[in-house]
Amino acid sequence: MKVHLKIESFYSKKPVVLTIGTFDGVHAGHRAVIDVLKAKANKINGETALLTFSPHPRVVLHPDNHNLRLLNTRKEKEALLENAGLDHLIVVHFDIALSRLTPLDYVRKLLAEVIKPTEIVIGDDHRFGRNREGSFNSLKEMGLMFHFNVTALNAEKVREIRVSSTKARDAIIEGQIEHANDLLSHPFPLSGTVIEGDKLGQTIDFPTANLKLSDPLKIVPMDGVYVVWARVNEGKWMKGMMNIGCRPSVIKTAAGETTIEVHFIGYAGNCYGQVVEVRFVKRLRDEMNFNGLTELKAALRRDRDETLEILQFEAPPVL
């Protein structure tokens, strides 16, 4: 997959089948759109492309109260899109000037004059242009003007639930990891750099890597203990347990501060300063307050046994 960080750098000798959107999560609905793109491109010996925006439009339009939490970092999204078989990712810098383009100017300047798509495939609820005035019907009318076809897709459904990034975010916030993974069609990812902690885990035979998230807008599941796969610097996936919360049995963190730490089962290497990637499988339990480290260690042993039992039936992640 080719990544174009400026729209002006995009060029293809082949016909282009295009879709548009933030594609946060690259969930089952997004993958359904990409599958349609690929099928249409194959019929005309063409290439597939996604036009997306950075930063997220909501951050630009509502800088003080956007309350945005993203399912993917940029790196995660690129890996998922490449895995889905996309040929081109076109990243347009989103700013106030772009937000003020009328639907017609938006189509002319971004699509017709630069990308020159043969066909555009969008969700049936897609909106674009100033104040989200553009719709599927208006895009279809402009297609007649600028010589491209437009196809609308109904949202993908998982277990009769209409898939959306919002539904996936809600599931993650509520700790419903298995449901979120169904909606996403892949394990929810998290990544960060290992920072120094208090090393208390080492004293009870459960050393942990404390993570600083790679993107401050990244969504984090609700507090609790989770079954995960984890790896260091894109190495081998290892079985693990993750704790998210304030660690009430150890030392209370500052008000509002959440720690994110992962224990690699059967691995005790030094990870400081390295990047750890995590894939969530299941939520085990709430974070609990134990009467001392002996009770905590016993609970962690039970968590480890349950984690190993769950993961014996789970294949390591592909990505």
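A single entry from 39, 49 fulfils the requirement of being of a type in the set (Gly, Ala, Ser), surrounded by 20 or more Cβ atoms within 10 Å (Cβ to Cβ) and in the same structural domain as residue 127 (by TED's automatic domain parsing): 49. Checking the structure you have, find out if any residue of the range 280-288 is under 22 Å from residue 215 (Cβ atoms), in contact with a strand residue (DSSP E or B) (Cβ under 6 Å, 6 or more places away or on another chain) and of a type in the set (Val, Ile, Thr). Scanning the range 280-288, I find at least one residue that is under 22 Å from residue 215 (Cβ atoms), in contact with a strand residue (DSSP E or B) (Cβ under 6 Å, 6 or more places away or on another chain) and of a type in the set (Val, Ile, Thr), so the answer is yes. Please tell me if residue 116 is on the phi > 0 side of the Ramachandran plot and charged (D, E, K, R). Yes: the conditions hold for residue 116.
Scanning the range 259-273 for residues that are exposed (fewer than 14 other Cβ atoms within 10 Å of the Cβ) and within 24 Å of residue 216 (Cβ to Cβ) yields 272, 273. If you check 295, 234, 306 for being part of a helix (DSSP H, G or I), exposed (fewer than 15 other Cβ atoms within 10 Å of the Cβ), touching a residue at least 12 places away in the same chain (Cβ under 8 Å) and in the same structural domain as residue 193 (by TED's automatic domain parsing), only one passes: 295. If residue 213 satisfies all but one of (1) at pLDDT below 90; (2) surrounded by fewer than 18 Cβ atoms within 10 Å (Cβ to Cβ); (3) not β-branched (Val, Ile, Thr), what's the number of the condition it fails? It fails just one condition, (1).
Within the range 79-96, residues that are of a type in the set (D, E, K, R) reach partners that are surrounded by fewer than 20 Cβ atoms within 10 Å (Cβ to Cβ) and part of a loop (DSSP other than H, G, I, E, B) with beta carbons closer than 6 Å, at six or more positions or on different chains, in the pairs 82/1. When each of 174, 160, 178, 156 is tested for being over 14 Å from residue 31 (Cα atoms) and at pLDDT below 95, the lone residue that passes is 160.
The set of residues from the range 29-59 being at pLDDT 95 or above and among the basic types (Lys, Arg) comprises 38, 40, 43.
To keep it simple, each residue is scored yes or no on (1) surrounded by 14 or more Cβ atoms within 10 Å (Cβ to Cβ); (2) within 22 Å of residue 164 (Cβ to Cβ); (3) more than 16 Å from the chain's Cα centre (by Cα).
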| residue | (1), (2), (3) |
| --- | --- |
| 22 | yes, yes, no |
| 30 | yes, yes, no |
| 33 | yes, yes, yes |
| 43 | no, no, yes |
| 58 | yes, yes, yes |
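How many residues does the range 89-109 contain that are closer than 12 Å to residue 146 by Cα and surrounded by 15 or more Cβ atoms within 10 Å (Cβ to Cβ)? Residues flagged as closer than 12 Å to residue 146 by Cα and surrounded by 15 or more Cβ atoms within 10 Å (Cβ to Cβ) within the range 89-109 amount to 3. Residue check: is residue 174 acidic (Asp, Glu) and in the same structural domain as residue 30 (by TED's automatic domain parsing)? Considered against the rule, which asks whether it is acidic (Asp, Glu) and in the same structural domain as residue 30 (by TED's automatic domain parsing), residue 174 comes out as no.
Scanning the range 60-77 for residues that are among the aliphatic types (A, V, I, L, M) and either surrounded by fewer than 19 Cβ atoms within 10 Å (Cβ to Cβ) or not assigned by TED's automatic domain parsing to the domain that holds residue 98 (or both) yields 60, 61, 68. Taking the condition in a loop (DSSP other than H, G, I, E, B), touching a residue at least 60 places away in the same chain (Cβ under 8 Å) and not aromatic (Phe, Trp, Tyr), does residue 269 pass? No, not satisfied.
The values are calculated or read from the model by the stated rules, or taken from the named source; none is laboratory data. Here the structure is a predicted model, which is why all the values come from computation and not from measurement. Positions of Cβ are generated from backbone atoms using ideal geometry, with glycine treated the same way; all protein chains shown enter the neighbour counts.
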